[in-house]
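Enquirer: Below you'll find the structure I mean.
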Amino acid sequence: MIRYVIALRELGISNYKLITLLEEYSSDIEMMFKDDSIFETSLELMTCQEYFSNKKLVKESLFKADEILEKNKELKIKTTYYTDRNYPKELSKITNPPAIIYYKGADFIEISEHTIACVGTRKPTKLSYNAVNYLIPQWVNNDCAIVSGLACGVDKLSHQSCISAGGRTIAVLAHGLDIIYPKENKDLANRILLNGGILMSEYPVGTKVDKFRFVNRNRIIVGMSEVIVIYECDAKGGTMHNVEFAYQQDKTIFCPKLGNEILEIQTGTKKLIDSHVATVIKEGRDIKGVLEAVGVENINFKMKNIEIKKIFLHAMLSIIHNEMVLDKSIEELKLPLKNNGLFYEKILKLIDNKVIDIDILINSLISNNIGSINKTLQFND
């Protein structure tokens, strides 16, 4: 079945039309490639006949489908489609769900039904670092899964915070699963899989990065989730597409409380709060609203601050790619250790022995990492 579903997309059948075919003519899809008389059985099938007039293209579509499936097998990529029992239930509810999903890692049924989309700017400030790393561990502690897009910035922070808290996270990609974009998040993608998460895309192997696909990807991030948490975002930034999709899909939006001085990359968040489109998360322990919105009944509020902060620290150490960031914090705080193996375990001992203040260390790592990232972004810009 899946061979012929993929071949239909390769022939040029639109996603919307393919959904209709899967819903109403699933048993006829294979016959469309084998018997032309099938098109005479209904008006809907008759509208597809033009795609089958060129037998060479039909043959090529099947060949392409076979190539995709062979590559999938090689890369351990699984496939599901709209009417398949393995298709994610929450995503099937939206207006234009992807007819085909390619994914790696766990099956969707293994992931908690309590799903939270966490999205925002690629240039987060301390506000996002703190909000992400205080809230997500507590949501994970209440059996929630995190959905995001594996981009730099808030996406990256959200995926890693979930992993560090022992949770499962879903990354929705805007290209084929034979590549990871951006490349610097390849290790993070591997950690997602190693920790029971999922990489997913509506695009087959061989599909390259293109701007419009990121917008399409955002509808899936929202569609896979019961609520959306938007951290910092520019009023004109790409994150605002998530707001449009959330409105279309009738999903509840939350945003963390902003400070008194509003930065450019927070103007979108401020707009959502001021217009009452989003519900405000007031502080790091304000987890009730989101958890109630995703259907968690017996909320656990008992996570200790030090436990959250240790997860926060683990997440920070996991996302820092530039060794100079860590070296700078070691030097600034005059830490009695070197940047080598078992670094996290050594730091925990120093924290437990009150040699290091965990808050000061985390703030130093955030400041130095933001400085390093901003220099890189300015260079790339």
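The values are calculated or read from the model by the stated rules, or taken from the named source; none is laboratory data. Not measured: the values here are computed from a predicted model. Counting neighbours? That spans all protein chains shown, and the Cβs are built from the backbone with ideal geometry, glycine included.
Enquirer: For the condition surrounded by fewer than 24 Cβ atoms within 10 Å (Cβ to Cβ), farther than 28 Å from E283 by Cβ, out of contact with any strand residue (DSSP E or B) (no Cβ under 7 Å at 6 or more places or on another chain) and of a type in the set (F, W, Y), what is the one hit in F212, F245?
Expert: Matching residue, one of F212, F245: F212.
Enquirer: Can you find a residue that is assigned to a loop (DSSP other than H, G, I, E, B), modelled with pLDDT of 95 or more and among the aromatic types (F, W, Y) anywhere in segment 99-110?
Expert: No, segment 99-110 contains no residue that is assigned to a loop (DSSP other than H, G, I, E, B), modelled with pLDDT of 95 or more and among the aromatic types (F, W, Y).
Enquirer: Name the one entry in C118, C144, C152 that is in contact with a His (Cβ under 8 Å, 6 or more places away or on another chain), among the hydrophobic types (A, V, I, L, M, F, W, C) and either modelled with pLDDT under 95 or assigned by TED's automatic domain parsing to the domain that holds A278 (or both).
Expert: C144
Enquirer: For E261, are the conditions met, namely being surrounded by fewer than 24 Cβ atoms within 10 Å (Cβ to Cβ), assigned to a loop (DSSP other than H, G, I, E, B), out of contact with any helix residue (DSSP H, G or I) (no Cβ under 7 Å at 6 or more places or on another chain) and at pLDDT below 95?
Expert: yes
Enquirer: Further, regarding this structure: Restricting to segment 21-58, what's the tally of residues that are crowded, with 16+ Cβ neighbours inside 10 Å and within 35 Å of the chain's Cα centre (by Cα)?
Expert: Matching residues across segment 21-58 total 8.
Enquirer: Among the residues in segment 216-233, are any over 17 Å from the mean Cα position of the chain (by Cα) and touching a residue at least 24 places away in the same chain (Cβ under 8 Å)?
Expert: Our first condition is that a residue be over 17 Å from the mean Cα position of the chain (by Cα); within segment 216-233, this holds for none.
No, because not a single residue in segment 216-233 is over 17 Å from the mean Cα position of the chain (by Cα) and touching a residue at least 24 places away in the same chain (Cβ under 8 Å).
Enquirer: Give I221, I179 a once-over and let me know the one that is modelled with pLDDT of 95 or more, closer than 29 Å to A65 by Cβ and surrounded by fewer than 18 Cβ atoms within 10 Å (Cβ to Cβ).
Expert: Just a single option satisfies the conditions, and that option is I179.
Enquirer: Those residues that are among the β-branched types (V, I, T) and part of a helix (DSSP H, G or I), I need them from segment 312-371; list them, please.
Expert: I319, V325, I330, I347, I351, I358, I360, I362, I366, I370
Enquirer: Could you tell me whether segment 294-301 includes any residue that is under 21 Å from G120 (Cβ atoms) and buried (at least 18 other Cβ atoms within 10 Å of the Cβ)?
Expert: Applying the first criterion (under 21 Å from G120 (Cβ atoms)) to segment 294-301 yields 294.
Add one more test, that the residue is buried (at least 18 other Cβ atoms within 10 Å of the Cβ), and what stays is 294.
The answer is yes; a qualifying residue exists.
Enquirer: Further, regarding this structure: With (1) in a helix (DSSP H, G or I); (2) farther than 27 Å from F245 by Cβ as the list, and N300 as the residue in question, which single condition is left unmet?
Expert: Of the numbered conditions (1) in a helix (DSSP H, G or I); (2) farther than 27 Å from F245 by Cβ, the odd one out for N300 is (1).
Enquirer: Whether any residue in segment 313-328 is surrounded by 12 or more Cβ atoms within 10 Å (Cβ to Cβ), farther than 30 Å from H114 by Cα and modelled with pLDDT of 90 or more is what I want to check.
Expert: yes
Enquirer: If I filter segment 229-246 for residues that are over 21 Å from G153 (Cβ atoms) and either assigned by TED's automatic domain parsing to the domain that holds P182 or not in a loop (DSSP other than H, G, I, E, B) (or both), do I get at least one hit?
Expert: Within segment 229-246 (the criterion being over 21 Å from G153 (Cβ atoms) and either assigned by TED's automatic domain parsing to the domain that holds P182 or not in a loop (DSSP other than H, G, I, E, B) (or both)), the answer is no, since none of the residues qualifies.
Enquirer: Just checking, does segment 82-89 include any residue being modelled with pLDDT under 95, outside any loop (DSSP other than H, G, I, E, B) and more than 15 Å from V5 (Cα to Cα)?
Expert: There is at least one residue in segment 82-89 that is modelled with pLDDT under 95, outside any loop (DSSP other than H, G, I, E, B) and more than 15 Å from V5 (Cα to Cα).
Enquirer: Another question, if that's okay. Considering (1) within 12 Å of the chain's Cα centre (by Cα); (2) surrounded by 24 or more Cβ atoms within 10 Å (Cβ to Cβ); (3) under 19 Å from E226 (Cβ atoms), say which one R168 fails and leave the rest.
Expert: Among (1) within 12 Å of the chain's Cα centre (by Cα); (2) surrounded by 24 or more Cβ atoms within 10 Å (Cβ to Cβ); (3) under 19 Å from E226 (Cβ atoms), the lone unmet condition for R168 is (2).
Enquirer: Here is a further query. Sort out which residues of segment 116-144 are assigned to a helix (DSSP H, G or I) and of a type in the set (A, V, I, L, M, F, W, C), and write them in order of number. Steps first, please.
Expert: Within segment 116-144, the subset assigned to a helix (DSSP H, G or I) is 126-140.
Listed by number, the residues that qualify are L127, A131, V132, L135, I136, W139, V140.
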